[in-house]
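First the structure, in the form of structure tokens, and then the observations on it.
Just so it is clear, none of the values below were taken in a lab; they were calculated from the coordinates. Fair warning: this is a prediction, and the values are worked out from it, not measured in the lab. For neighbour counting, all protein chains shown are included, and Cβ atoms are generated from backbone atoms with ideal geometry for every residue, glycine included.
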Ligand code: HEM
Ligand code: HEM
């Protein structure tokens, strides 16, 4: 016991940066460590949802694509022995159902999680300072600003994009997807009772298929910009990005330009 106290006392007396750095650390490395700080941002349910949601959406895009443009019939097997498109649709529907449960879980977490978990569900258009930051981010992404700002949670531009493309986008895909599913499930089924009305509202199933299909492109556009922006910011901004969605911690680099 006595020995342990002395040990921890000794460690406290030593500056953290030097006591923890080993190997080939130089004085410049130690100085750099001293300048870096980190904040815990994304709790595990947010991170888990992010990657599960991303994997489900990727699978839904591939299988949805084939629903829209089916493979030609294969002539090496008897038609009755093939179930390729059946399996494809099954995977699409299973992932659609998981997406529904996962999104409900994410909404629940916004109610009980930390304040960063709520960013996905609103856009603070009433805050003047927020608009100024949106303009700053637009300029930064367009290479018109030299010094990036630091944000603990999503930056304002990312927040707008995530709200419109994801919160609205996923909701749209869930509603239209379940309405399409209602048709297959049949009149009087639970999906029909809950979402069947949407078919009549948009006109007919073909229009609904078209809207659900357009929604896919809306999400694909988001994905391309999102992955580009996440990697670009990881390299060019003064804060960690991709690892933040893995560990939950945002690390801020020092303020000095490279
Ligand atoms: C290699 C692929 C991906 C990487 C590296 C990545 C990275 C990230 C990072 C770093 C953040 C946090 C950004 C911030 O703190 O402002 C984030 C958030 C987010 N990403 Fe991704 N992402 C990927 C794929 C996807 C895909 C495929 C989707 C869905 C189509 C997606 C949807 C989202 C959403 C909705 C958020 C907000 C999370 C929340 O607030 O709950 N991501 N992503
Ligand atoms: C991001 C999520 C989703 C994407 C990207 C997506 C994509 C697609 C695409 C591209 C189609 C083909 C539409 C066409 O005829 O041109 C489709 C069809 C369909 N999707 Fe989705 N979908 C998603 C979510 C869902 C969900 C949540 C459900 C609900 C369970 C669902 C159920 C269906 C159904 C029932 C069809 C019609 C199948 C058929 O006519 O054989 N989808 N989806």
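Some notes on this structure:
- Percent of alpha-carbon pairs separated by more than 21 Å within the range 72-149: 63
- Volume per residue of the C-alpha convex hull in the chain, rounded to whole Å³: 258
- Taking the C-alpha atoms only, the angle from helix 84-112 to the longest principal axis of the chain is near 50 degrees.
- For the range 45-116, the spread of Cα positions along the three principal axes, ordered from largest to smallest, is 56, 16, 15 Å.
- Cα convex hull of the range 128-171 - mean projected area over all directions, nm²: 3.5
- Per principal axis, descending, Cα span of the range 48-193 in whole Å: 64, 37, 24
- 212, 115, 249 arranged by Cβ crowding within 10 Å, fewest neighbours leading: 115, 249, 212
- Between residue 220 and residue 242, the simple label model (points 7 Å from Cα in the Cβ direction) yields a spacing of 2.3 nm.
- By the count of neighbouring beta-carbon atoms within 10 Å, fewest first, 59, 244 end up ordered 59, 244.
- Estimated Rh, the range 110-243: Kirkwood, alpha-carbon pairs, angstrom: 17.3
- Cα-based helix-to-principal-axis angle, 205-236 vs the chain, degrees rounded to 10: 10
- Here the Gaussian network model covers the chain, with springs between Cα atoms less than 10 Å apart; of 90, 164, 218, 90 fluctuates the most.
- For the chain, the relative contact order is 24 percent, taking Cα pairs closer than 8 Å that sit 6 or more residues apart in sequence and dividing their mean separation by the residue count.
- Crossing angle, helix 169-185 versus the chain [Cα axis fit, 0-90 degrees, rounded to tens]: 30
- Zone of residue 202's modelled label, taken as backbone nitrogen in the range 216-238 under 19 Å from a point 7 Å along Cα→Cβ: 216-222
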